[in-house]
Amino acid sequence: MYELASKLTRPPSLSPGPGRENHSPLFSVRMRAAEGGPHEDGGRHISGAERIVPAVQLNPTLEQLLKRAQSHERGAPDFINLRIEQLKPEAIQYASTLSVTTLTVQDYQEGRQVINLILEELGLKSTVGARTISLISNKSSTDRGLYGAWLLDAGTGRLLEPVRGVRVSRMDLAEITRSDLAAQLTQFGLNNNHVLEALALASKVMLHPASIAEVCWSDDPHYVTGYVACRCFGYLRIPYLKPAGLDIGGRVFIVRATDLNQYLHFLTDQPVLFTEAAPVNPPVNWADWLAKTRRRPVY
Ligand code: WAQ
Ligand code: MG
């Protein structure tokens with residue numbers, strides 16, 4: 001009786017969609033691991049992950065994340081931070097992931113060139129693309145503590161604070177979305193954690209109107225695929241963005257002028273659960289894709 005009454009009185013705008021009919025509390029679970037001490041003391045980043053799960057999933061999730069931290073190809077961490085926080089139900093934002101398209105390229109030099117071309121399609125100056133690529137590829141030993149993303153001002157091409165990088169946090173795929181995406185990605189042999197997690201991260205970043213584009217490639221030595229993401233073209237995977245074996249990767253968010261504190265708060269604190277998945281498209285040669293794409297200057 002009580003259940004029924006509460007359902008009838010819930011305003012229509014708050015009615016649960018797919019993946020959110022379960023009202024048990026959700027928890028943000030975060031893991032970050034480093035070698036040579038904590039990140040903030042200059043430790044070298046090994047691994048990090050973000051999950052949002054119901055209480056019954058806490059134990060298995062913690063076990064998975066601990067195992068991941070301890071079996072990473074980047075090395076053996078001597079610092080592992082695991083953090084659990086219950087989320088307020090009304091604070092959670094529900095959203096759809098970006099569509100996924102793989103643009104095939106021959107090698108990483110061509111891949112980086114394609115990033116430049118896509119950023120120019122968005123109306124960005126060519127210096128912005130060049131700066132973005134040089135920031136990630138020249139990530140240096142003085143950036144040892146950097147385990148987040150750089151913010152690059154689209155207008156001035158300058159780095160915004162915090163120079164040490166911002167960590168996007170409190171986002172995950174709902175179970176229904178994870179299985180939907182897994183089924184779609186499997187068709188193209190792409191069903192792996194790197195793709196699922198990067199897609200959740202990029203989709204969260206693009207929910208904020210100040211985000212124009214994100215460029216990323218992995219710091220895992222043998223994961224050479226990266227992406228450029230934006231609202232209009234979605235998540236564009238590029239199979240080669242660095243030579244194999246290199247442990248340098250990173251993220252740059254290209255942003256328009258905005259209230260920086262509010263932007264950082266959204267990226268780090270706003271919980272976002274993806275309860276819908278946009279399509280995963282078949283791979284396409286980058287030049288064919290570009291020829292069919294209408295220029296979308298958003299900046
Ligand atoms: N927030 C901000 N920056 C982050 C975060 C985060 N939560 N996680 C990682 N980074 C930054 C950090 O500087 C890392 O060094 C860098 O990104 C790379 O992180 O479609 O695996 O976790 O096939 O190594 C992309 C392609 C994979 C996936 C990206 O990144 C696909 C990847 P990694
Ligand atoms: Mg990594």
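Remarks
- Check on Gly157, on the phi > 0 side of the Ramachandran plot and over 16 Å from the mean Cα position of the chain (by Cα): yes
- Looking across Arg83, Arg44, Arg51, one residue alone is free of Cβ contacts under 8 Å to residues at least 60 places away in the same chain and among the basic types (Lys, Arg). It is Arg83.
- Note on segment 146-243: enclosed strands (runs of 3 or more DSSP E) holding 1 or more residues that are more than 10 Å from ligand 1 (Cβ to nearest atom), in contact with a strand residue (DSSP E or B) (Cβ under 8 Å, 6 or more places away or on another chain) and under 23 Å from Val105 (Cβ atoms) are 150-153, 211-217, 226-230, 234-238.
- Annotation: of all residues in segment 246-266 being within 14 Å of ligand 1 (Cβ to nearest atom) and assigned to a loop (DSSP other than H, G, I, E, B), the one that is surrounded by the most Cβ atoms within 10 Å (Cβ to Cβ) is Gly249.
- Asp78 vs. criteria surrounded by fewer than 16 Cβ atoms within 10 Å (Cβ to Cβ) and in the same structural domain as Ile52 (by TED's automatic domain parsing): yes
- Applying the condition of being of a type in the set (D, E, K, R) and at pLDDT 95 or above to segment 36-67 and asking which residue is nearest to ligand 1 (Cβ to nearest atom) yields Glu50.
- Any hit, segment 107-124, residues being without any contact (Cβ under 8 Å) to a residue 60 or more places away in the chain and either in a loop (DSSP other than H, G, I, E, B) or within 16 Å of ligand 2 (Cβ to nearest atom) (or both): no
- Residues that are touching a Phe, Trp or Tyr at 6+ places or on another chain (Cβ under 9 Å) and more than 16 Å from ligand 2 (Cβ to nearest atom) within segment 182-210 comprise Ser203, Lys204, Val205, Met206, Leu207, His208, Ala210, listed in sequence order.
The values are calculated or read from the model by the stated rules, or taken from the named source; none is laboratory data. These figures come from a predicted structure and were not determined experimentally. Note that each Cβ is placed from the backbone with ideal geometry, even for glycine, and that neighbours are counted across all protein chains shown.
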